Amino acid sequence: MLSVSDAEAIILNLVQPLDHQRDTEVVDLLAADSRILATPVTSPLDFPHWDNSAMDGYAVRYEDVQHSSTEQPSVLEIVEEIPAGYQPKSTIQPGQAARIFTGAVIPAGADTIVIQEKTRREENRVFILDASKPQEFVRHQASFYQAGTQLLPAGIKLNAPEIAVLAAAQCPQLSVYRRPRVAIFSTGDELVSVDKLLQPGQIVDSNQYAIAALVRQSGAEPLILGIVKDDPVALEKVITHAIAIADIVLSSGGVSVGDYDYVDKILESLGAKIHIRAVEMKPGKPLTVATFPTQNGLNHSYPLTALYFGLPGNPGAVLVTFWRFVLPAIKKLSGITEGWEPVFLKVRSHDELRSDGRRETYLWGKLHLIDGVYEFHKAAGSHSSGNLINLAQTNALAVLPMGKTLISPEEEVQVLKIDS
């Protein structure tokens, strides 16, 4: 049985990011939100495109106003008014100024902006009441970005700021990585779909819905394959199909040591290499991780090198193992160059946290900001892996390492952030 850290290292070493040439597509800018940029972006435009004013005021020559004061203001002739979007016609001469507004092009001859709060206007004259600094409130051409240099690197997630930058740079389309394809199915004779009337001994397959939601939130594309009975022939058929269409396959159930747990045997019969069979964690001990032959393998000809996760069947264990192992794998696969590792924080515990100490233990709850300090509040009720109910509205998992049986209130605890 592997430690959690060893299992994480194995999984992330198995993940190969999408290929920057083969696994890309061109999308419109309005459809690029949350996608991963596949190629670096440059722009032929300087930012700012020209020298412009950062404030409403007057464009002046600094040498004309450097000695200005309330008692002895400099008096300048206003020769032009320059709103944003207007091309100045005048060149500012000694003793002259131009009325200018935020974002407007600074006229030739001017080198400084005096804000309007430091002036007094009388008809076509402006009185400068306070000396500005040289070049004050001037945004110089190319001071933010120089044309032809890299604007955005490949491998970043495109959020609102990046979308705005691309729009300003006039990039109506761009190359992004395709969304990773994740096949999902659940195993078990006791499972029924959400629309079925429950019979004695049956339970609703909540895992498939939870996993599909998590996959979508990760930016990947879920491929829903349904419920598969505990039948080796049916399981082999579904697994064979899944590894042919997906980058990652996620099944839930069937990976423990019971008489009806067939997944590992079927994977081996299909030529898979099983890297992980169990992890020293609670919940989530039964975890299978396997890979399949490449397209050039001797025994099979699958179009993809699928990474297979056989997750536990209990819903709490499914969510914990997804957050701990599967989510980082999807993020790394997606082509993002950084930020795919799990995010851990050290915070104060509000509650007493207990573990038997035999395995690394995860307790779910919620982070609250109390007087500027994050505090972990354990979810009320049972933390059994079969209890799905109190997982609702959680956003963090407290981690008790092996050998640690108690964390007292106010004591520091490490938590895994799970909100996306």
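The values are calculated or read from the model by the stated rules, or taken from the named source; none is laboratory data. This one's a predicted model, so the numbers in the text were calculated from it and none came from an experiment. Every residue, glycine among them, receives a Cβ derived from its backbone with ideal geometry; neighbour counts consider all protein chains shown. Areas reflect the complete protein model, heavy atoms only, side chains present, ligands, DNA and RNA absent. Shrake-Rupley method; radii C 1.70, N 1.55, O 1.52, S 1.80 Å.
What does the extension gain come out to for Q72 and I10, with contour length at 0.36 nm per residue minus their alpha carbon separation?
Length gained, Q72 through I10: 14.8 nm.
Exposed loop sites here are trypsin sites (Lys or Arg not before Pro) in DSSP loop states with at most 16 other C-beta atoms within 10 Å. What is the longest stretch of the chain lacking them?
Here the longest run is 230-357.
What does the charge count near L406 come to, summing +1 for each Lys or Arg and -1 for each Asp or Glu among other residues with Cβ under 10 Å from its Cβ?
Result for the local shell: 0.
Give the angle, between 0 and 90 degrees and rounded to the nearest 10, that separates the Cα long axis of helix 206-217 from the longest principal axis of the Cα atoms of the chain.
30
Given 0.36 nm per residue, what is the gain on full extension from D371 to D111 after removing their alpha carbon distance, in nm?
Gain on extension, D371 to D111, equals 88.9 nm.
List the residues whose amide H sits under 5 Å from the amide H of Y86, counting only those 5 or more places along or on another chain, with H placed 1.01 Å from N in the peptide plane.
Here V105 satisfy the definition.
For a quick check: with amide H placed at 1.01 Å from N, whose amide H comes under 5 Å from K282's, ignoring anything fewer than 5 positions away on the same chain?
E360, T361, Y362
Keeping the other protein chains in place, figure out the carbon and sulfur percent of the accessible area of the chain, with a 1.4 Å probe.
Carbon and sulfur atoms account for 51 percent of the accessible area of the chain.
For region 353-395 and region 1-73, what is the separation of their C-alpha centers, rounded to whole Å?
That distance is 37 Å.
Based on Cα coordinates alone, diagonalise the gyration tensor for the chain, multiply each eigenvalue by 5, take square roots, and list the semi-axes in whole Å, largest first.
61, 27, 17
Can you work out ³J(HN,Hα) from phi for every residue in region 59-65, in order, using Karplus 6.51 cos²θ - 1.76 cosθ + 1.60 and θ = phi - 60°, giving whole Hz and x for Gly and Pro?
Couplings: 7, 9, 8, 4, 4, 7, 10 Hz.
Go ahead and run the numbers for FRET between R22 and S90, Cβ-Cβ distance against an R0 of 56 Å, rounding to 0.05.
The formula returns an efficiency of 0.50 here.
Per residue, how much accessible area does region 257-409 show when a 1.4 Å probe rolls over the protein heavy atoms, in square angstrom?
Result: 46 Å² per residue.
Can you tell me the relative contact order of region 68-129? Whole percent, Cα pairs under 8 Å, sequence separation 6 or more.
Rounded, it is 42 percent for region 68-129.
With all protein chains present and a 1.4 Å probe, how do H20, H350 order by accessible area, largest first?
On the way: H20 105, H350 85 Å².
Per-residue accessible area, sorted high to low, gives H20, H350.
Show which lysines lie in cross-link reach of K133 when reach means a straight Cα distance below 20 angstrom and same-chain residues fewer than eight apart are skipped.
Answer for K133, where 20 Å is the Cα cut-off: K118, listed by chain and number.
What number do you get for region 43-95 when its Cα radius of gyration is normalised by 2.2 N^0.38 Å, N = residues? Each step should come with its number before you reach the end.
Values: Rg = 14.1 Å, N = 53, 2.2 N^0.38 = 9.9 Å.
Normalised by 2.2 N^0.38 Å, the Cα Rg of region 43-95 equals 1.42.
I need the GluC sites (Glu not before Pro) found in region 210-293, filtered to DSSP loop residues with at most 11 other beta carbons within 10 Å of theirs.
Hits after loop and neighbour filter: nothing returned.
I need the phi-derived Karplus couplings for region 12-17: 6.51 cos²θ - 1.76 cosθ + 1.60, θ = phi - 60°, integer Hz, Gly and Pro marked x.
5, 6, 6, 6, 10, x
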